[in-house]
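Here's the structure we're looking at; comments come further down.
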């Protein structure tokens with residue numbers, strides 16, 4: 001038979017479990033609510049007007065930059081090559097000036113060798129200023145052939161608002177060819193083993209003359225009338241000089257006399273004047289393009305910084321809200337802890353009351369009192 005204390009204990013135990021279950025349920029609801037708040041607090045940057053405007057402007061600037069990037073690269077390559085070509089011509093002239101009046105045949109031979117190297121460098125720089133743009137090989141100053149030595153031009157935008165400019169190319173190498181009496185063109189092949197003949201349409205005719213042991217039989221500097229011979233074949237015609245119109249050392253008699261050196265210096269002086277007039281236009285247009293490109297890069301960098309600042313501020317504000325909510329949640333849980341502990345104390349008091357006072361000591365205790 002159950003005592004009153006047993007009944008109270010059972011009832012209190014049920015009350016305690018019911019109370020704890022309610023606390024758990026409340027806690028679960030709080031956690032669920034906090035997770036919902038976190039999800040709804042995800043930062044959507046597109047809702048920020050300044051962020052949207054900044055991203056749109058960056059997109060427009062980047063599009064313009066992409067459109068002119070090919071032109072900038074092609075023009076920049078030409079400008080870099082121009083700087084070297086100018087240096088090579090100056091070095092040529094300086095070397096020739098220092099050889100004037102020399103009685104040393106070795107000095108003159110060395111000058112011819114050095115001159116030949118510089119001549120090659122001029123053409124290497126001019127022909128190497130290529131850039132693939134819109135599937136075309138663009139070179140403003142080289143990589144061309146006679147009879148007109150025509151180079152490519154660049155048509156490009158200069159501003160976001162639609163301004164356009166044209167950078168006109170100009171051949172600034174120094175290759176040349178021989179046009180015979182029939183109007184056909186003779187050019188040294190790439191491997192320099194033969195002179196090849198081309199008709200007026202630029203197609204090879206199949207005729208070739210070996211360059212082995214070929215020498216200049218005669219050259220009239222005033223008319224550029226030229227006759228070449230290798231002992232077996234003879235080739236006569238008129239020189240068609242391209243670009244700078246500086247010839248190789250052999251066409252200046254390898255500088256064996258001062259008159260030949262003077263002829264070469266005259267050609268270089270003319271070349272420098274021609275170079276300056278053509279290079280100035282290319283350099284000016286290139287500087288404009290590069291300046292616009294650099295300006296756009298700076299604008300993009302500034303806008304990206306501003307957008308990044310907006311993101312940082314939004315993230316910080318959202319983080320502050322999250323921390324405040326977390327603190328509120330922690331305090332709520334702490335309060336629930338206190339409530340739980342108080343409930344447990346109440347339950348303990350009820351249990352002690354249900355059990356009644358303890359047994360008396362001594363005889364009365366033994367008798368059940």
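The values are calculated or read from the model by the stated rules, or taken from the named source; none is laboratory data. What you see is a predicted model; the values in this text were computed from it and never measured. Positions of Cβ are generated from backbone atoms using ideal geometry, with glycine treated the same way; all protein chains shown enter the neighbour counts.
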Residues that are within 23 Å of residue 285 (Cβ to Cβ), in the same structural domain as residue 297 (by TED's automatic domain parsing), surrounded by 18 or more Cβ atoms within 10 Å (Cβ to Cβ) and in contact (Cβ under 8 Å) with a residue 24 or more places away in the chain: does region 94-116 have at least one? no
Going residue by residue through region 226-244, is there one that turns out to be surrounded by 13 or more Cβ atoms within 10 Å (Cβ to Cβ), in contact with a helix residue (DSSP H, G or I) (Cβ under 6 Å, 6 or more places away or on another chain) and modelled with pLDDT of 90 or more? yes
Output the residues belonging to region 175-200 that are in a loop (DSSP other than H, G, I, E, B), under 13 Å from residue 236 (Cβ atoms) and in contact with a strand residue (DSSP E or B) (Cβ under 6 Å, 6 or more places away or on another chain). 184
Residue set 66, 90; condition assigned by TED's automatic domain parsing to the domain that holds residue 167 and either under 22 Å from the mean Cα position of the chain (by Cα) or surrounded by 17 or more Cβ atoms within 10 Å (Cβ to Cβ) (or both); output residue 66
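Given the criteria touching a strand residue (DSSP E or B) at 6+ places or on another chain (Cβ under 8 Å) and farther than 16 Å from residue 252 by Cα, does residue 77 qualify? Break it down stepwise before answering.
Numbers: touching a strand residue (DSSP E or B) at 6+ places or on another chain (Cβ under 8 Å): yes; farther than 16 Å from residue 252 by Cα: yes.
Taking the combined requirement at face value, the residue satisfies it.
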Subset tally (residues that are without any contact (Cβ under 8 Å) to a residue 40 or more places away in the chain and in a loop (DSSP other than H, G, I, E, B)) for region 201-222: 7
Residue check, residue 243 closer than 21 Å to residue 88 by Cβ, part of a loop (DSSP other than H, G, I, E, B) and either within 49 Å of the chain's Cα centre (by Cα) or assigned by TED's automatic domain parsing to the domain that holds residue 187 (or both): yes
Filter region 280-299 down to residues that are buried (at least 20 other Cβ atoms within 10 Å of the Cβ) and modelled with pLDDT of 85 or more, then give me how many there are. 3
Let me spell it out: the conditions are (1) farther than 25 Å from residue 74 by Cβ; (2) at pLDDT below 90; (3) under 39 Å from the mean Cα position of the chain (by Cα), and residue 161 meets all of them except one. Which number is the exception? (1)
